[in-house]
Amino acid sequence: MNKEEKRKIIAKRVAQELEDGDVVNLGIGIPTKVADYIPAGIDITLHSENGFVGLGTAPEPGEEDENLINAGGEPVTINPGGAFMNSADSFVLVRGGHLDVTVLGTLQVDEQGNIANWMIPGKFVPGMGGAMDLIVGAKKVIVATEHTIKGEKPKILKECTLPLSGKGEVDLIVTEMAVIDVSDRGLILREYNPEFEIEYIKEMTEADLKVSTELAEMV
Amino acid sequence: MSKVVSLTEIMAEIESGQTVMIGGFLAVGTPESFITGMLEKEVTNLKIIANETSYPDQGIGRLVAARQVDKVTVSHIGTNPETGKQFNSGKLEVELVPQGTLVERIRAAGAGLGGILTSVGIGTRVAEGKEVLEIEGEKYLLELPLEAEIALLKAWKADKKGNLVYRKAARNFNPIMATAASRVLVEVDELVEVGDIDPDQVHTPGNFVDKVYVRGESNE
């Protein structure tokens, strides 16, 4: 399975978690692709933390607006019914309980629901941007990530070793192999991709993975 | 009295060593004429408060690339490799602040508040050295106000009284920074007569604004 296929499986599966009427923030990378797979009949409002709701698709070439980008700096459009706001209000929306779901990529995530996605000391220090606010503020935090680093090193750990972005905030982990609930009892394998053996998924997960009694195949 | 001035009059207010807030998000909503003016004036040792350090060839990133900056207080530096390079070699101080906390610290300064309480950053490096308060069983970080000597902003329209209207996603940090600096200097695309902006449509009331420069105007 190549990188593109993995990303598609993850984005498609995350999209099914969204409910009609949700206000959603999608992070950069795989999360951005979730917008391409939102099921028909489900009305979602996308929030862009640089200051608007109603984030639309990419503009036609030549139709870019110099005053309209997403939080990753790419030209975008705003849908009818959208609204601009200043950065303070944008984060009032995030922290104040007005954001239903945030979907983020990560470097590491662990069985306590901790997430580390903003720095590798001494190597890579981009900063947290709005990620820490999103992790604390969103009602539901979904981590959308490849299951491993380069197909070998687990990303889902017993305990994150990198500096945390948020503590105990993650609700759900979606990878190309599995859908995993983060619960008080630890990580619960809710769905698996039948292209992978359950034993293999467990092997590629450093954290203890309990298999749900209602285990299903990922669709 | 008109607040409209030349670029020279704006630049006369900006000196080396100042703490300067600069509006914009990845250079959208950043006053590029002021950045160019600061490059030409070669002001140095600046302490910049902004969302991020943009790209090396755009907005605030140009000042970083020209090594005119001593410290940045921002939420992100990942789009400007020059910032990371100077940070790693110890030439540039970087204070990373979660974006929502950053804007709220600026808002606190502008609103005359002694600080804000937020649960963002609890259990992370952001909490190091900060006071933690427990309120109704919930832990919060005490985050202190951020103020500046100068705010350099970009708006779409202004009238001669300095009433401002921003355009689309170029609004971002600009209206908040307009409240938090001793001097508020604004670059605009368009100047209109007093009364042309419906009072219901003003984003930043002119009383927060000191000077307005109309982009592209001859410098006299």
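Is region B:24-46 home to any residue that is surrounded by 18 or more Cβ atoms within 10 Å (Cβ to Cβ), over 21 Å from B:Val188 (Cα atoms) and not small (Gly, Ala, Ser)?
Our first condition is that a residue be surrounded by 18 or more Cβ atoms within 10 Å (Cβ to Cβ); within region B:24-46, this holds for B:24-31, B:33-35, B:37-38, B:43, B:46.
Remaining after also requiring over 21 Å from B:Val188 (Cα atoms): B:43, B:46.
Restricting the remaining residues to those that are not small (Gly, Ala, Ser) gives B:43, B:46.
Looking through region B:24-46, at least one residue is surrounded by 18 or more Cβ atoms within 10 Å (Cβ to Cβ), over 21 Å from B:Val188 (Cα atoms) and not small (Gly, Ala, Ser).
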Could you go through region B:49-65 and let me know if any residue there is of a type in the set (Lys, Arg) and either over 25 Å from A:Glu64 (Cβ atoms) or in a loop (DSSP other than H, G, I, E, B) (or both). no
Just give me the residues in region A:158-195 being surrounded by fewer than 23 Cβ atoms within 10 Å (Cβ to Cβ), of a type in the set (S, T, N, Q) and within 14 Å of chain B (Cβ to nearest Cβ), in sequence order. A:Thr161
Subset of region B:135-166, residues on the phi < 0 side of the Ramachandran plot, surrounded by fewer than 21 Cβ atoms within 10 Å (Cβ to Cβ), over 11 Å from the mean Cα position of the chain (by Cα) and assigned to a loop (DSSP other than H, G, I, E, B), comes to B:Leu144, B:Pro145, B:Lys160, B:Lys161
Might you check whether a residue that is in a strand (DSSP E or B) and touching a helix residue (DSSP H, G or I) at 6+ places or on another chain (Cβ under 7 Å) occurs anywhere in region A:149-162? no
Give the residues of region A:64-106 that are aliphatic (A, V, I, L, M), under 25 Å from A:Leu164 (Cα atoms) and more than 8 Å from chain B (Cβ to nearest Cβ), sorted by residue number. A:Val92, A:Leu93, A:Leu99, A:Val101, A:Val103, A:Leu104
So which of B:Val188, B:Val202 is of a type in the set (A, V, I, L, M, F, W, C), more than 10 Å from chain A (Cβ to nearest Cβ), free of Cβ contacts under 8 Å to residues at least 40 places away in the same chain and farther than 22 Å from B:Ala148 by Cα? B:Val202
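Just checking, which of B:Arg183, B:Arg215 is within 30 Å of A:Asn70 (Cα to Cα), surrounded by fewer than 19 Cβ atoms within 10 Å (Cβ to Cβ) and either hydrophobic (A, V, I, L, M, F, W, C) or away from chain A (no Cβ under 14 Å) (or both)? I'd like the intermediate steps shown before the answer.
Numbers: B:Arg215 fails: either hydrophobic (A, V, I, L, M, F, W, C) or away from chain A (no Cβ under 14 Å) (or both).
Selected residue: B:Arg183, the only one of B:Arg183, B:Arg215 that is within 30 Å of A:Asn70 (Cα to Cα), surrounded by fewer than 19 Cβ atoms within 10 Å (Cβ to Cβ) and either hydrophobic (A, V, I, L, M, F, W, C) or away from chain A (no Cβ under 14 Å) (or both).
Given the structure, is B:Asn51 buried (at least 21 other Cβ atoms within 10 Å of the Cβ) and either under 16 Å from the mean Cα position of the chain (by Cα) or farther than 27 Å from A:Pro163 by Cα (or both)?
On the way: buried (at least 21 other Cβ atoms within 10 Å of the Cβ): yes; either under 16 Å from the mean Cα position of the chain (by Cα) or farther than 27 Å from A:Pro163 by Cα (or both): yes.
Answer is yes for this residue.
Scan region B:75-93 residue by residue and report those that are more than 8 Å from chain A (Cβ to nearest Cβ), surrounded by 19 or more Cβ atoms within 10 Å (Cβ to Cβ) and not in a loop (DSSP other than H, G, I, E, B). Can you show your working first?
At the first step, the residues of region B:75-93 found to be more than 8 Å from chain A (Cβ to nearest Cβ) are B:80-83, B:85-86, B:88-93.
Cutting the leftovers down to surrounded by 19 or more Cβ atoms within 10 Å (Cβ to Cβ) gives us B:80, B:82-83, B:86, B:92.
Listed by number, the residues that qualify are B:Glu82, B:Thr83, B:Gln86.
For region A:45-102: of the residues being in contact (Cβ under 8 Å) with a residue 60 or more places away in the chain and not in a strand (DSSP E or B), which is surrounded by the most Cβ atoms within 10 Å (Cβ to Cβ)? Explain how you work it out, then say what you get.
From region A:45-102, those in contact (Cβ under 8 Å) with a residue 60 or more places away in the chain are A:49, A:93-94, A:98-102; that's our starting set.
Subset that is not in a strand (DSSP E or B): A:49, A:93-94, A:98-100.
Values: A:Glu49: 27, A:Leu93: 20, A:Val94: 25, A:His98: 14, A:Leu99: 24, A:Asp100: 18.
Out of the qualifying residues, it is A:Glu49.
Every read-out reported here was derived from the displayed coordinates using simple, explicitly stated rules and does not represent laboratory data. If you're wondering where the values come from, they're calculated on a predicted model, not measured in any experiment. So basically every Cβ, Gly included, is an ideal-geometry build from the backbone, and we count neighbours across all protein chains shown.
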